[in-house]
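Input: a single structure, listed below in structure tokens.
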Amino acid sequence: MRAQRGDGAPREAQPLDSLMPVRGFCIDVPRPAGVDSFVRFIHAELAPRKVNTLFILVDYRYQFKSHPELTDSFALSNVEVKKIVRACAEDHIRLIPQINMLGHQGWEEHPGKLLQAYPQFDETPWVKNPAHYVWPNADNLYCRSYCPLYPGLHDVTFAVIDELCDAFESTAFHAGMDEVFYLGETKCPRCGGRDPAVLFAGEVQAIHDHLAAKGRELWIWGDRLIDGKTTGIGMWEASYNNTYRAVDLIPKDVVICDWHYERPDQTAVYFAMKGFRVVTCPWRMSQPGVVQVDDMVKFRGSSTPEMKPRFLGIVETTWSPAAVFLNGFYGIGPKRADRPTAQERGSAWQCFKDVFQRIDSLGN
């Protein structure tokens, strides 16, 4: 097939792998009862759309043998995980499991499984969980962090990372590390007075080096590496607590997942110029998601030979339980939004359809 260039001359159509090397999808791990439905979704929806990378947000919903005290409710068995592994292998989809590291150690008033089992790892033990959570609040509590300098922390976290990667037969691990608001707190006897950028970079380096020793890549969300004030991007999709300077301190082979949901900020260029490989991650709004697809193609097409390989592609995110996403995708049951504002701003399932329709059109 031949297509027209902007100057009217024909050009050869490029293979999709060249235009968009990473075509990814990010979703919560399904509950045990939903594994078979999820496997059907992989075969029926992801594979035909040429998805080749799948982030599975697991956290502690796996039946760990190394640390069974960390196994959360509705956790998958190894047998159930292998169903997902086989499905992805059949469809040539790379699996990348995630456990949130550093930040997101809980949600609002609820501590997560790691801090329930090991409360001593908490970066801010003096901050009490409210009976009724509101934001903003006097303690600036959004999600808790663990203290990256606590003795013995990595003995626990590295063991479950290894076990999860082995179960998913993965060559990469996603460590999360987004929206870290508690870090280097003055009352922390280990972190107090230290540079948050150095602390953040140190934890990235530690996880990176552990994975690298086993031949695995590290992927992380990119928001803490962007200066939220200078760019005007703000405190959620970028950093207000000075972690952004870590961008010059972490290994360059870490893959950055650059998420922007309401406006297609072109920070992928920033990360690529810093020497990182980067994927852009839309969520629930189709219009910016489609623009982000076009931007990624533009970045690859207009870059130097050195820069082009750093623009990897697109990973569509979902941020709802797997069953909620699948019900919305197939129009089953009540129309539950993936977040309270989703009804007025679109849905993850529609954005997924539109983004991958746009990606599919690239091959034509």
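The values are calculated or read from the model by the stated rules, or taken from the named source; none is laboratory data. Quantities reported herein were computed from a predicted structural model and do not represent experimental measurements. Cβ placement follows ideal geometry from the backbone for every residue including glycine, while neighbour counts extend to all protein chains displayed. The area values use the complete protein model at the heavy-atom level, side chains included, leaving out ligands, DNA and RNA. Shrake-Rupley method; radii C 1.70, N 1.55, O 1.52, S 1.80 Å.
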On a 0 to 90 degree scale, rounded to 10, what angle separates helix 153-168 from the longest Cα axis of the chain? 30
I need the semi-axes of the equivalent ellipsoid of the stretch 137-220: take the C-alpha gyration tensor, multiply each eigenvalue by 5, square-root it, list largest first in whole angstrom. 26, 14, 12
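At a 10 angstrom cut-off on C-beta neighbours, averaged per residue, how do the peptides 152-160, 276-284 rank from highest to lowest? List each step's numbers first, then the result.
Working: 152-160: 16.6, 276-284: 25.3.
My ranking of the peptides, most packed first, is 276-284, 152-160.
How would the stretch 192-298 be classified by its alpha-carbon gyration tensor: rounded, prolate or oblate, with rounded meaning a/c under 1.5 and the a/b versus b/c comparison settling the rest? Working shown, then result.
Working: a/c = 2.28, a/b = 1.35, b/c = 1.68.
Verdict is oblate for the stretch 192-298.
Note down the magnitude of the dipole of the stretch 243-315 about its Cα centre, charges +1 on Lys and Arg C-beta and -1 on Asp and Glu C-beta and zero elsewhere, to the nearest 20 debye.
The calculated dipole for the stretch 243-315 is roughly 100 debye.
What is the magnitude of the charge dipole of the stretch 25-136 about its Cα centre, with +1 placed on the Cβ of each Lys and Arg, -1 on the Cβ of each Asp and Glu, and no other charges, expressed in debye to the nearest 20? Working shown, then result.
Numbers: 12 positive and 13 negative charges, 91 e Å.
About 440 debye.
Over all alpha-carbon pairs in the chain, figure out the percentage whose distance exceeds 28 Å.
Values: 29035 of 66066 pairs.
Of the Cα pairs, 44 percent sit more than 28 Å apart.
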Positive-end residue, the stretch 186-340 charge dipole about Cα centroid, Cβ charges, pick of G193, Q205, Y261: G193
May I ask you to derive the relative contact order of the stretch 141-300, considering only C-alpha pairs under 8 Å and at least 6 residues apart, and to give it as an integer percent? 17
State, to one decimal in nm², a quarter of the convex hull surface area for the C-alpha atoms of the stretch 265-311, i.e. the direction-averaged projected area. 2.9
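With every protein chain left in place, what is the accessible area per residue of the chain in square angstrom, probe 1.4 Å? Intermediate values should be presented prior to the final figure.
Details: 15540 Å² over 364 residues.
Per residue, the chain has an accessible area of 43 Å².
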Column: log10 I(q)/I(0), Debye, Cα scatterers of the stretch 98-188, q = 0.17, 0.25 Å⁻¹: -0.73, -1.35
Of the candidates F271, H67, S145, the farthest towards the positive dipole end of the chain (Lys/Arg Cβ +1, Asp/Glu Cβ -1, centred on the Cα centre) is F271
Please give the helix 196-212 orientation as an angle from the longest Cα principal axis of the chain, in degrees from 0 to 90, rounded to the nearest 10. 70
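For R144, R190, write out the residues from largest to smallest accessible area, computed with a 1.4 angstrom probe and no ligands counted. It would help to have the intermediate numbers written out before the result.
Details: R144 15, R190 65 Å².
Result of the area sort, largest leading: R190, R144.
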Toy charge model, Lys and Arg Cβ at +1, Asp and Glu Cβ at -1: the stretch 83-184 dipole around Cα centroid in debye, rounded to 20, equals 120
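Convex hull over the Cα atoms of the stretch 242-364, averaged projected area in nm²? List each step's numbers first, then the result.
Numbers: hull surface 36.1 nm².
If I average the Cα hull's projected area over directions, I get 9.0 nm².
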Applying a 4.7 angstrom Cβ cut-off across the chain, unpaired cysteine residues come out as C26, C88, C143, C147, C165, C257, C281, C351
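What's the local net charge at K113, with K and R +1, D and E -1, over the other residues with C-beta under 10 Å away? Don't skip to the end; give the middle numbers.
Details: positive: R61; negative: D59, E69, D72.
Counting the neighbours of K113, the net charge comes to -2.
Please list, by residue number, every one of the chymotrypsin sites (Phe, Trp or Tyr not before Pro) in the stretch 191-270 that is coil in DSSP and has at most 15 other beta-carbon atoms within 10 Å. Intermediate values should be presented prior to the final figure.
On the way: sites: F200, W219, W221, W236, Y240, Y244, W259, Y261, Y270; in loops: W236, Y240, Y261.
Here the chymotrypsin sites (Phe, Trp or Tyr not before Pro) that fit, given the DSSP loop and packing criteria, are W236, Y240.
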Could you sort the peptides 36-42, 323-329 by per-residue average Cβ neighbour count (10 Å cutoff), highest mean leading? 323-329, 36-42
